[in-house]
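Data first, discussion second: the structure below is written as structure tokens.
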Amino acid sequence: MTRDLFETFLDADTSHLPIAPGAVLLRGFASVQAQALMASVDQITACAALRHLQTPGGRAMSVAMSNCGSWGWTSDARGYRYVQQDPLTGKAWPAMPPAWLELAAQAAAAAGYPSFEPDACLINQYLPGAHMSLHQDRDEKDFAQPIVSVSLGLPVVFLFGGPKRSDKP
Ligand SMILES: O=C(O)CCC(=O)C(=O)O
């Protein structure tokens, strides 16, 4: 099988769906581990509570957030940034569970990013009615690294934009 033919074969398989240059949708990639992942979410958020962060403009986000790993994303009147201590407790964020590191590395590799070692994991809880508007992530230091996003729970609509704000989602 030539590489081109192999890629066409992969594209036809909806469990590995390239959706834009550098971006791949891996449907069902985490489904076997979903329950264990949710149990870990509960353990992490028992230490670093889910909270509705304030935007720099002073509005409460509808999505509740927490973090694990060496760095956690936060937002307040001072802006968006990564911090090593949970601003609610002053303590380090909970460690990222080894199974999450492995899942992220495997998903990244499946999408063409070998040897990924995440140092931050943002946990977003979307209760019915919560939403996040289209945005670009720009607070990271190394844009060569992938972002692995794992979605668990109820079906939800995701908007996926392009490199430019003017690109049609
Ligand atoms: O929850 C998601 O998968 C999207 C989250 C997102 O865009 C973000 O946290 O910046």
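The values are calculated or read from the model by the stated rules, or taken from the named source; none is laboratory data. Note that the structure is predicted; figures quoted are calculated from it, not measured. Don't worry about glycine lacking a Cβ; one is built from the backbone with ideal geometry, like all the others, and counts go over all protein chains shown. Just the protein is used for accessible areas: all its heavy atoms, side chains included, with ligands, DNA and RNA removed. Shrake-Rupley method; radii C 1.70, N 1.55, O 1.52, S 1.80 Å.
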Output the residues belonging to segment 123-161 that are more than 12 Å from the ligand (Cβ to nearest atom) and closer than 19 Å to residue 16 by Cα.
146, 155
Output the qualifying pairs, or none if there are none: Cβ atoms under 7 angstrom, residues six or more apart or on different chains, first residue in segment 122-142 and farther than 24 Å from residue 70 by Cα, second residue open to solvent by 60 Å² or more (accessible area, probe 1.4 Å).
134/159; 134/169
The listed residue being within 16 Å of the ligand (Cβ to nearest atom) and open to solvent by 30 Å² or more (accessible area, probe 1.4 Å), out of 65, 61:
61
Can you pull out every residue in segment 35-58 that is open to solvent by less than 30 Å² (accessible area, probe 1.4 Å) and small (Gly, Ala, Ser)?
40, 48
For segment 82-92, does any single residue satisfy the condition of being within 16 Å of the chain's Cα centre (by Cα), farther than 20 Å from residue 28 by Cβ and more than 10 Å from the ligand (Cβ to nearest atom)?
yes
Quick test for you: out of 159, 152, pick the one residue that is surrounded by 10 or more Cβ atoms within 10 Å (Cβ to Cβ) and under 13 Å from the mean Cα position of the chain (by Cα).
152
Segment 147-164 residues that are over 15 Å from residue 27 (Cβ atoms) and part of a loop (DSSP other than H, G, I, E, B), paired with ones that are open to solvent by 100 Å² or more (accessible area, probe 1.4 Å) and not polar (S, T, N, Q) (beta carbon under 9 Å, 6 or more apart)
154/128; 161/168; 162/168; 163/21
From 108, 120, residue being open to solvent by 30 Å² or more (accessible area, probe 1.4 Å) and either in contact with a Gly (Cβ under 9 Å, 6 or more places away or on another chain) or within 16 Å of the ligand (Cβ to nearest atom) (or both):
120
